1. Cross-link candidates for A:Lys290: which aspartates and glutamates have Cα within less than 14 Å, leaving aside residues fewer than 8 places away along the same chain?
2. Relative to the longest principal axis of chain A, what angle (0 to 90°, nearest 10) does the C-alpha long axis of helix A:165-189 take?
3. Sort region A:186-264 into rounded, prolate or oblate with this rule: let a ≥ b ≥ c be the square roots of the eigenvalues of the Cα gyration tensor; rounded if a/c is under 1.5, and if a/c is not under 1.5, prolate when a/b is larger than b/c, oblate otherwise.
4. Which of rounded, prolate, oblate describes the protein assembly as shown, given a ≥ b ≥ c as roots of the alpha-carbon gyration tensor eigenvalues and a/c under 1.5 marking rounded, otherwise prolate only if a/b is larger than b/c?
5. With respect to the cross-link table entries A:Lys351/B:Lys79; A:Lys278/A:Lys346; B:Lys30/B:Lys79, which display a Cα-Cα separation exceeding 29 Å?
6. How many Cβ atoms of partner chains, on average, are near each residue of B:126-136 if near means within 10 Å of its Cβ?
7. Which residue fluctuates the most in chain A, going by a Gaussian network model with Cα springs under 10 Å, if the choices are A:Glu263, A:Glu89, A:Glu31?
8. Below 11 angstrom from the Cβ of B:Trp136, what's the summed charge of the other residues (Lys, Arg +1; Asp, Glu -1)?
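Readers should treat all values here as calculations from the given coordinates under stated rules, not as data from a laboratory. Quick caveat, the model's predicted, so the values are computed rather than measured. Quick reminder, even Gly has a Cβ in these numbers, built from the backbone with ideal geometry, and neighbours come from all protein chains shown.
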Amino acid sequence: MAEVQELVVNMGPQHPSTHGVLRLVVQLDGEVVTKITPHLGYLHRGLEKLAENKTYAQFLPVTDRLDYIAAVSNNLAYCLAVEKLLGLEVPRRASYIRVILAELTRIVSHLVWLATHALDLGAFTPFLYCFREREMILDIYEMYCGSRLTTTAFRIGGVPRDLDEDLQKKIEEFIDIFPSKIKEYESLLTRNKIWLKRTMEVGIISAEEAINYSLSGPPLRGCGVEWDLRKVEPYCVYDELEFDIPTGRGVGDTYDRYLVRLEEMRQSCRIIKQAFEKMPSGKLMAEEAKVVPPPKEKVATQIESLIHHFHIMSEGFNPPRREVYQSIEAPKGELGFYIISDGSPKPYRMKIRVPSFANLQAIGKMCENGMMMADVVAIIGTLDIVLGEIDR
Amino acid sequence: MNKEEIIKTIKEKFPEDIEEIDKTIDLTIKVKRDKILSICKFLHDAPGLEFDYLVDICGVDYPGRPSRFDVVYHFCSIKRKHRIRLKASLGGGEFISSVESVWKAANWYEREVYDLLGIKFDNHPNLQRILLPDEWEGHPLRKDYPLVTDEGEKWLEEKLKTYLPEEVVNGKL
């Protein structure tokens with residue numbers, strides 16, 4: 001009789017389908033996975049330590065480097081957390097602009113997910129299609145804030161720039177054509193036999209297990225749990241906008257999560273459309289002289305404003321001694337900032353609750369029940385992890 | 001449940017073990033370290049509370065205090081749609097119970113707290129470093145750990161000595 005030997009395969013950290021520098025040690029019995037051990041930390045930059053040594057305003061650009069695919073969401077979560085700490089009210093127009101840009105980010109993030117996920121599973125065309133549309137949104141970002149990926153799109157207390165007419169026209173154009181593009185992706189994948197075979201009943205996790213493993217975002221909704229922080233604990237102006245929470249077929253497999261994300265892209269278009277209709281005119285930054293620097297024109301012409309600006313930029317502001325936790329529904333799940341303030345201009349401790357960290361932990365559970373080596377690639381793709389935010 | 005009802009339910013069950021309650025912004029309850037597991041089990045199972053979702057575990061270092069560390073838990077109930085923050089403090093050499101048996105998600109969170117702050121958890125199935133390499137010395141998020149060290153340069157020097165001829169290292173070539 002032939003001797004049976006367990007095979008240990010090392011996958012990553014430099015591997016195209018681990019979506020970054022994730023290393024997995026996979027134990028195999030033939031082609032079937034028996035155990036999977038993720039090794040993290042290859043992108044650890046000590047951002048939480050860095051946060052303790054920067055003022056609140058200085059840390060804002062660093063948040064771009066968490067989930068670098070969806071930088072605007074990180075900016076939003078961080079700004080909301082600091083505003084909660086300060087008790088700062090943001091003008092309504094600024095909140096609407098935030099919602100519009102954050103929903104565009106959700107679309108960008110899901111496009112990159114669909115592109116790479118489909119590519120991992122052997123479908124090349126969706127990759128080209130998705131990056132074509134992603135380019136349009138990146139152009140919109142560039143028009144808004146000058147950069148395409150590391151946006152730093154918001155400020156503590158509001159937004160730095162208005163959506164002018166050109167930009168508004170460009171976003172509306174995109175929203176008009178994008179649903180037809182989703183149809184294009186669907187025509188390639190949703191009823192494609194190979195796609196169905198690779199995704200259906202792969203990486204199943206039940207609703208109870210998903211909650212116990214603290215999954216959030218599309219992986220949680222894919223199990224049929226209707227949980228979306230935009231609805232449950234509305235922030236910005238989400239309580240004034242209408243949208244549905246997709247939950248898939250309720251099986252909790254890779255195909256369900258695919259359906260959820262596609263529908264979320266459609267809902268994002270719907271939200272942006274409404275936001276444009278309801279957006280009031282008005283101020284862009286809160287009026288709180290101790291936190292918000294004076295407008296640039298005044299800084300350039302008046303000495304008092306120049307001094308004021310210098311004070312806020314170099315010394316920062318002193319929030320009250322307290323602690324807050326604020327989370328948002330980022331494209332990948334619950335993204336939260338827990339800030340402890342000791343009254344100084346720098347946070348005493350900042351903990352960033354990232355969705356990918358908890359989502360990745362469930363990979364062991366999802367790889368149970370006779371998943372094969374090729375399914376591991378599908379499961380990494382469907383979790384939609386970004387190592388920038390896992391390792392921090 | 002609103003904040004008052006949550007406080008009342010927990011107070012009824014654990015009248016002796018609550019040290020502090022703060023409800024100004026987020027509901028925060030500070031409890032005794034040795035009761036953390038039974039309180040967590042209660043939060044998870046008690047009808048009405050049902051905190052089925054562990055949002056986050058975070059460690060905080062206060063070097064000036066007699067019990068140096070805080071472990072901060074954030075819980076959320078998907079069924080009841082409410083949140084709570086639980087805190088427990090412990091000294092440098094002390095242990096705190098792992099809550100991995102209640103929420104599976106605690107496994108990695110506790111490993112991260114151990115890795116970055118050196119807080120040790122009792123009955124954890126696999127308490128190893130998660131972000132830093134296994135042979136790393138020190139715990140970076142402690143307040144006495146420096147922000148900038150020459151560790152990287154030292155490492156590079158060592159490697160250069162091992163792999164390059166002496167003349168190159170000394171800059172003579």
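1. Within the straight-line cut-off, A:Lys290 pairs with A:Glu83, A:Glu89, A:Glu304, A:Glu315.
2. Orientation of helix A:165-189: about 10 degrees from the principal axis.
3. Values: a/c = 3.46, a/b = 1.48, b/c = 2.33.
Because a/c hits 1.5 or more and a/b fails to exceed b/c, region A:186-264 counts as oblate.
4. Since a/c stays below 1.5, the shape of the protein assembly as shown is classed as rounded.
5. With Cα atoms farther than 29 Å apart: A:Lys278/A:Lys346.
6. 3
7. Maximum fluctuation in the GNM of chain A, among the listed residues, is at A:Glu31.
8. Numbers: positive: B:Arg129; negative: B:Asp115, B:Asp134, B:Glu135, B:Glu137, B:Glu151.
Every neighbour counted, the sum reads -4.
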